[in-house]
Structure formats: C-alpha cells, structure tokens
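A short worksheet on the structure shown next.
The values are calculated or read from the model by the stated rules, or taken from the named source; none is laboratory data. What you see is a predicted model, and the numbers here were worked out from it, not measured in a lab. Cβ atoms come from the backbone with ideal geometry, glycine included; neighbour counts cover every protein chain shown.
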Ligand SMILES: C[S@@+](CC[C@H](N)C(=O)[O-])C[C@H]1O[C@@H](n2cnc3c(N)ncnc32)[C@H](O)[C@@H]1O
Ligand code: SF4
C-alpha cells in the first residue's frame, strides 16, 4: 500500500489503527434513526464482460438472474422488516453490471422496497447503450424510474476500439430518449485514454447534450490490477490539463459541477449514488454505510444465495468505525461533491468541523485547494484536481485491494487497509 495513503490515514484519524474489515456482521442493522439514508441495489450480470471493468459481475444467464432476484427480494425483506413502519429514504439507485437485464423484475424489487421505505428523491438505473430502446425505457418508466445513466464511454470509434466496446446506434438512442422522457438523463464517459485530447472529450460532451442528456459523468480511466485491461495510463500533467479544459468547457456551457467528475445542465439533474451520509446496499458486492459501521456483501452469487437461504444477511466483511475514522469517511465522500457544509458536519457528529479539522481546513485554504464562501468550503479547480489525484491513489490502494480479494474469496477472514 502506498505510503501516502497510509500517512494520510494516520494523520486524519489521529491514530495508527488501520481500517480493519472483519468476517463478522450484525444480522440487525441500525438504520432506523439515520437521516439522509440512500438505497442501492446491485445487479451483477452483463451480456459481455469488458476487460477494463472492475465491478462485480458475471455473464448473464436468465435462470441464474431470476433466482438472484428472488434472493434479492428476500434480502430486502430481511433488512427492511427489522424496523416497524416505513423509513423515509432519499433515493434508490440500481447499479451493476447491467441492471436492465432484470428490467422485467425492477417493478417487483421496487415494490418490495416500498413495503419498508418511502423514496423521496427518485429512482435511478444504470444502462448499457444497448438498453436504450423505446420498449425498455417504457418498462423502466412504468416501474417508477426517474433517472437513467447510460455508459457511453466514448462516441468515437477509436476509443470504443481501445475499450473493446462496439458501436452505438445513436439514432435509435436519440429516438428512445425523445419518446420516453426522464427527469435526469446522464451519460458516462471514460477519459484519459491513450491519445485522447480535449477536442475528443468536447465532442463527446457536445454529442451527449445533443442526444438528450442533461448530465454527464467524465470518469478518469483507472487501471485496476486484477482486470485484463492492457490500456496504458495517461501521465499526470496531461490528465490534469484535460480535466481542467473540460471543466472550463462545461462551465462555459452553463453547467453546474455536481461532483469532481460530473456536470449537470441544471442542479435538479444531479445523478449520484455516492454522496449520501448513510446508505443501505442490497445484492452481491453492495455496501452499507451507517453511523458506526461499513459493511460489504459477498461478491459470490452462489454464496449470496446460501446465506439468504439460511435467513442470514449476505455480509462478507464489516468495518466498525472509530469516531475519527467515521469523520474521515464522511469528509472524503462529502468532498467528492466539491462542497463541505460545516453545519451538516456538526449536525451529523454533534461537534464542530472547525474543532475537529480546523488546521486541515486552514491549510486547504492556504494551499488554494478550497475557499470559504457563505460559510461553505468550496473546492477550487486546483483542489478538485488534487482530490481527483488522491482519489486515484485511494482507489488503487484500498478499493483495488479489497475488491481483488473479494472476487477470489466469498468470505475472507479479514482485510486490513
Ligand atoms: C457499471 S458501469 C455502467 C453501466 C453499463 N454496465 C455499461 O457498461 O454501460 C459504470 C461506469 O463505470 C465506469 N468505469 C468502468 N470501468 C472503469 C475504469 N476502469 N475506469 C474508470 N471508469 C470506469 C464507466 O464509465 C461505466 O459506465
Ligand atoms: S463496463 Fe458495464 S457492461 Fe462492461 S462489464 Fe462493466 S458493468 Fe458490464
């Protein structure tokens, strides 16, 4: 693990204690009193597997997928039924894999969730471009979906070839998006691919908005150690230039920067399953973040089934936070939105942000990473780049290691990060 991430962790948590994920779990989850709770559902099936993709997924099989959805519904009732009444939640996101492969059962999953939760901010689904057809979008809209995010990656043939993705039917997509409207239509792109220039990214952003998107996500390419990808990684200075140029361009278009890598035509069009104070995750590899713990479900579809069959939660690992660890976790994900509200921090932890991290905030301002505007710490463009750069380290030092192990072992004894 990189010395940088370890040193930062020790500094910010004021402790040598690592993040220790152990093979143990609570069968009862303490979410009843959590404010700002989000829901996430993982569908781990795809028609084709992309070599660069780090997520938990396997090749689609109708029977396996159907039996998985049965298990998923049982997990929802196992968790949701733990507290009487209906808990108010923010949003619900379906991710994968390719959740649209279970489109005919999304209504059933949503209705199981609605037995326990009241969803107040809409329902989002990740789509593969092949899913963007009129009948499929209609199925989603009827199920109550209000936001979609489409994994375009690039509209250009040369980058599609590098990524091993096939061509897109833009006319079919445009027609489907015109015929079945959604509150948010987001498109995902991967940037920092070999030979990619600002004009290429700009053309992608222009094409996205022309096709009907009102939100774009531009993710930097990350080379996970356990994937089969052979795509070379772009050098840091070149990546920074690209990120700065495309940020400036999106801002010129009048977009709001809703997070480090996402831009929305309007604030209402935000699409993010990541920036919630607490969330409950259902399905293989789904994570749950509560006030005092973080847990991650098993990556194995087979072992997921076995646990559910026994009436037990499919948790693989649990991290029990120290207070400072929870604060760091909170700040890391809140900073992803490019803004930190001291009042929200104080409400969450019952102590002022200034008291806990006054020196770090002062330093961030001095170094030009953040500015305090109307009581809110807002990341500057420089700060956003360094966050992005650190996030890359974090992903390789923490997520790559953890997911790499969890893909091999359904229930590892422990993982120390
Ligand atoms: C689960 S996928 C999206 C839905 C759908 N399965 C698809 O591929 O179109 C989520 C997004 O993660 C991003 N992604 C996947 N692998 C990545 C990598 N190695 N580096 C950066 N972004 C990646 C892609 O932009 C992708 O659209
Ligand atoms: S990028 Fe999307 S389609 Fe490709 S393997 Fe990952 S989840 Fe599946």
* Asked: Out of all the residues in region 38-69, which are more than 16 Å from ligand 2 (Cβ to nearest atom) and either touching a helix residue (DSSP H, G or I) at 6+ places or on another chain (Cβ under 6 Å) or part of a helix (DSSP H, G or I) (or both)?
  -> 62, 63, 66, 67, 69
* Within region 24-36, can one find any residue that is in contact (Cβ under 8 Å) with a residue 24 or more places away in the chain, away from ligand 1 (no atom under 16 Å from the Cβ), buried (at least 16 other Cβ atoms within 10 Å of the Cβ) and not in a loop (DSSP other than H, G, I, E, B)? -> no
* Asked: Can we say residue 72 is closer than 20 Å to residue 314 by Cα, buried (at least 17 other Cβ atoms within 10 Å of the Cβ) and either modelled with pLDDT of 95 or more or more than 16 Å from ligand 2 (Cβ to nearest atom) (or both)?
  -> yes
* **Answer from 223, 169 - the residue that is within 15 Å of ligand 2 (Cβ to nearest atom), at negative phi and either surrounded by fewer than 18 Cβ atoms within 10 Å (Cβ to Cβ) or assigned by TED's automatic domain parsing to the domain that holds residue 102 (or both)** => 223
* Go through region 347-382 and count every residue that is closer than 21 Å to residue 13 by Cα and in contact with a strand residue (DSSP E or B) (Cβ under 8 Å, 6 or more places away or on another chain). => 7
* Asked: Restricting to helices (runs of 4 or more DSSP H) lying wholly in region 348-417: which have 2 or more residues that are within 22 Å of residue 324 (Cα to Cα)?
  -> 353-366, 381-394
* **Restricting region 226-242 to residues that are more than 13 Å from ligand 1 (Cβ to nearest atom) and in contact (Cβ under 8 Å) with a residue 60 or more places away in the chain, the residue that is surrounded by the most Cβ atoms within 10 Å (Cβ to Cβ)** => 240
* Structure fact -> Going through region 95-113 in order, the residues found to be within 22 Å of the chain's Cα centre (by Cα) and closer than 25 Å to residue 27 by Cβ are 95, 109, 110, 113
* To do: Only residues that are outside any helix (DSSP H, G or I) and on the phi < 0 side of the Ramachandran plot: list them for region 329-347, please.
  => 336, 337, 339, 340, 341
* **So residue 152, is it within 13 Å of ligand 1 (Cβ to nearest atom), over 21 Å from residue 40 (Cβ atoms) and assigned by TED's automatic domain parsing to the domain that holds residue 46** => yes
* Asked: So which residues in region 283-301 are outside any loop (DSSP other than H, G, I, E, B) and farther than 22 Å from residue 322 by Cα, if there are any at all?
  -> 301
* Criterion (modelled with pLDDT under 95 and over 16 Å from the mean Cα position of the chain (by Cα)) met by exactly one of 262, 258, 266 -> 266
